[in-house]
Amino acid sequence: MIKLIKIDEDSRVPKYKQIVDSILHNIANGNLKINQKIPSINSFSEEFYMSRDTVEKAYNILKERKIISSIRGKGYYITRTKLESKVNVLFVLNKLSAYKMKTYNSFIDTIGANAHTDLHIYHCDETLFLNLLDKFEGAYDYYVITTHFKTDELKHLSFTDEVAKAIQRIPEEKLILMDNIKLGMEGEIIKIYQDFENDIYNALKEGLSKISKYKKLILIYPEKAVYPYPRRILHGFKKFCVEHEINFEILSEVYDDMILKKGDLFITIEESDLVNLMKQIRDEEYVLGKDIGVISYNDTPLKELLGITVMSTDFNVMGETVARMILNKEKGQVKVPFNFIDRNSI
């Protein structure tokens, strides 16, 4: 079997990718059959004078795509020979939240049977993110990436120097930056994004007629969230309050036994803060939307069910737009709609 593998020493294509492409080519041509054994990593590296790491990287890519599998003590075998001409997509999210999954599900629904998509979560952790990109370098046709990271102090970062370098290694025609695009990257890159500062500013401005009836506007911005939020949200909030001369306060959480006063209007970001606040409003027998107002950031089915006014990106549109641009081979930047949805809580 090893005689079937062709490696071009003069090619600029990385050796691990040549291995992957050569094995796929031989499967497509019928030279490699299902359950056929292929050389061990050591045998491969010795035959072609390659490092073991290079061969292992190629084999890991083939294993991730379910082309080969390993059996302890026996070696590697071909496990799939039906290679569909689908687009292969790596979909990388920073967290597994209801609204992030809304984007992912919308993407899957729109792209349909035209693609095979692998979802990976890196939990705002730079090391996990870098390991993902390194592991799957060259393995996919498109890389859909969100960039939200956290420092040791749980502050939000859009990117680090190492993250920027890793993303720049992805060919421009394969890269899609989604949600947060503060990387300073130009070129033929698809960008589907939120404008965190102006989104909240414009949404609050849309609701000004109702907001202005309250005495104080209080933003609950979680300073120590496990998944921190862009500080541009704070900037847009402050800009709105200052320009419209609205009395405001910024708190890091909804405290137990919060001092509530008639005329307060709260903006919550984390769902746990919303739940705690709603419980205290009910326990204090205030009338929601009259005595005390509540606006929540990012819509979910639960908030719709409870009649909570929200400011939210249209996450369905985000996923649909990414899928459409892949299918139609479009380029460019698209800002996702951010809506003020007036319900019964203000």
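The values are calculated or read from the model by the stated rules, or taken from the named source; none is laboratory data. Small disclaimer: the values here were computed from a predicted structure and weren't measured. Here the Cβ positions follow ideal geometry from the backbone for every residue, glycine too, while neighbour counts run over all protein chains shown. Quick note on the areas: whole protein, heavy atoms, side chains included, nothing else; ligands and nucleic acids left out. Shrake-Rupley method; radii C 1.70, N 1.55, O 1.52, S 1.80 Å.
Would you call Ile176 β-branched (Val, Ile, Thr), outside any loop (DSSP other than H, G, I, E, B) and under 27 Å from Met101 (Cα atoms)?
Numbers: β-branched (Val, Ile, Thr): yes; outside any loop (DSSP other than H, G, I, E, B): yes; under 27 Å from Met101 (Cα atoms): yes.
So Ile176 fits the description; yes.
State which residue pairs qualify: first residue assigned by the TED database to the domain that holds Ile38 and inside region 7-21, second residue of a type in the set (Phe, Trp, Tyr) and open to solvent by less than 60 Å² (accessible area, probe 1.4 Å) in any location, beta carbons under 7 Å apart, and separation of 6 or more residues or different chains.
Ile7/Phe48
When you check Gln280 against the structure, is it in contact with an Asp or Glu (Cβ under 7 Å, 6 or more places away or on another chain) and polar (S, T, N, Q), yes or no?
No, not satisfied.
Out of (1) more than 15 Å from Met178 (Cβ to Cβ); (2) not in a helix (DSSP H, G or I), the odd one out for Val334 is which?
(1)
So which residues in region 13-54 are farther than 14 Å from Thr81 by Cβ, among the polar types (S, T, N, Q) and open to solvent by 70 Å² or more (accessible area, probe 1.4 Å), if there are any at all?
Asn42
Here's the yes/no breakdown for (1) modelled with pLDDT of 85 or more; (2) surrounded by 13 or more Cβ atoms within 10 Å (Cβ to Cβ); (3) within 23 Å of Glu137 (Cβ to Cβ):
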{"site": "Leu4", "(1), (2), (3)": "no, yes, no"}
{"site": "Ser11", "(1), (2), (3)": "yes, no, yes"}
{"site": "Glu56", "(1), (2), (3)": "yes, yes, yes"}
{"site": "Tyr59", "(1), (2), (3)": "yes, yes, yes"}
{"site": "Arg80", "(1), (2), (3)": "no, yes, yes"}
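Sort through Asp291, Asp257, Asp299 and tell me the only one that's over 23 Å from the mean Cα position of the chain (by Cα) and within 21 Å of Gly207 (Cα to Cα). Outline the logic, then answer.
Details: Asp257 fails: within 21 Å of Gly207 (Cα to Cα); Asp299 fails: over 23 Å from the mean Cα position of the chain (by Cα).
Selected residue: Asp291, the only one of Asp291, Asp257, Asp299 that is over 23 Å from the mean Cα position of the chain (by Cα) and within 21 Å of Gly207 (Cα to Cα).
Please find, within region 182-211, the residue that is farthest from the chain's Cα centre (by Cα) out of those that are open to solvent by 20 Å² or more (accessible area, probe 1.4 Å) and touching a residue at least 60 places away in the same chain (Cβ under 8 Å).
Looking at residues that are open to solvent by 20 Å² or more (accessible area, probe 1.4 Å) and touching a residue at least 60 places away in the same chain (Cβ under 8 Å), I get Lys210.
Search region 142-156 for residues being touching a Leu at 6+ places or on another chain (Cβ under 9 Å) and of a type outside the set (Val, Ile, Thr), and hand back the single one that is farthest from Ile192 (Cα to Cα).
Applying the first criterion (touching a Leu at 6+ places or on another chain (Cβ under 9 Å)) to region 142-156 yields 142-151.
After this cut, where a residue has to be of a type outside the set (Val, Ile, Thr) as well, the list is 142-143, 148-150.
Numbers: Tyr142: 14, Tyr143: 13, His148: 14, Phe149: 18, Lys150: 22 Å.
The extreme case among them is Lys150.
With the requirement that a residue be buried (at least 18 other Cβ atoms within 10 Å of the Cβ) and of a type in the set (S, T, N, Q), what does region 254-275 give you?
Matches in region 254-275: Thr268 only.
Which ranges mark the strands (runs of 3 or more DSSP E) fully within region 5-100 that have 3 or more residues being polar (S, T, N, Q) and under 30 Å from the mean Cα position of the chain (by Cα)? Quick ask: steps written out before the conclusion?
Details: elements: 68-71, 75-78, 87-93.
Answer list for region 5-100: none.
Looking at region 100-145 only, could you name the residues that are at pLDDT 95 or above, among the β-branched types (Val, Ile, Thr) and open to solvent by less than 40 Å² (accessible area, probe 1.4 Å)?
Of everything in region 100-145, those that are at pLDDT 95 or above, among the β-branched types (Val, Ile, Thr) and open to solvent by less than 40 Å² (accessible area, probe 1.4 Å) turn out to be Thr103, Val144, Ile145.
Has region 68-75 got any residue that is β-branched (Val, Ile, Thr), assigned by the TED database to the domain that holds Asn26 and surrounded by 15 or more Cβ atoms within 10 Å (Cβ to Cβ)? Working first, answer last.
Taking region 68-75 first, the residues β-branched (Val, Ile, Thr) are 68, 71.
Those still in the list that are assigned by the TED database to the domain that holds Asn26 too: 68, 71.
Right, trim to surrounded by 15 or more Cβ atoms within 10 Å (Cβ to Cβ) and you get 68.
Taking every residue of region 68-75 in turn, at least one turns out to be β-branched (Val, Ile, Thr), assigned by the TED database to the domain that holds Asn26 and surrounded by 15 or more Cβ atoms within 10 Å (Cβ to Cβ).
Name the residue that is nearest to Phe340 (Cα to Cα), counting only residues in region 190-211 that are in contact with a Phe, Trp or Tyr (Cβ under 8 Å, 6 or more places away or on another chain) and among the acidic types (Asp, Glu).
Among residues in region 190-211 that are in contact with a Phe, Trp or Tyr (Cβ under 8 Å, 6 or more places away or on another chain) and among the acidic types (Asp, Glu), the one nearest to Phe340 (Cα to Cα) is Glu206.
Given the conditions (1) modelled with pLDDT of 95 or more; (2) in a loop (DSSP other than H, G, I, E, B); (3) in the same structural domain as Ala98 (by the TED database), which single one is not true for Glu320?
Just one mismatch for Glu320, condition (2).
Could you grab me the full set of residues in region 101-131 that are within 16 Å of Asp179 (Cβ to Cβ) and part of a helix (DSSP H, G or I)? Step through it out loud before you land on a result.
Just the residues of region 101-131 that are within 16 Å of Asp179 (Cβ to Cβ), to begin with: 101-107, 119-124, 129.
Hits for region 101-131 are Met101, Lys102, Thr103, Tyr104, Asn105, Ser106, Phe107, Phe129.
Looking for whichever is outside the structural domain of Gln36 (by the TED database) and over 30 Å from Lys37 (Cβ atoms) here; the options are Asn131, Asn94. Which one fits? Let's see the steps before the verdict.
Numbers: Asn131 fails: over 30 Å from Lys37 (Cβ atoms).
Exactly one of Asn131, Asn94 is outside the structural domain of Gln36 (by the TED database) and over 30 Å from Lys37 (Cβ atoms), namely Asn94.
Filter region 304-346 down to residues that are aliphatic (A, V, I, L, M) and farther than 24 Å from Ile233 by Cβ and give me whichever is most open to solvent (accessible area, probe 1.4 Å).
Looking only at region 304-346, we keep the residues that are aliphatic (A, V, I, L, M), and these are 305-306, 308, 310-311, 317-318, 322-323, 325-327, 334, 336, 341, 346.
Narrowing further to those that are farther than 24 Å from Ile233 by Cβ: 305, 323, 325-327.
Numbers: Leu305: 141, Ala323: 0, Met325: 3, Ile326: 7, Leu327: 74 Å².
Among residues in region 304-346 that are aliphatic (A, V, I, L, M) and farther than 24 Å from Ile233 by Cβ, the one most open to solvent (accessible area, probe 1.4 Å) is Leu305.
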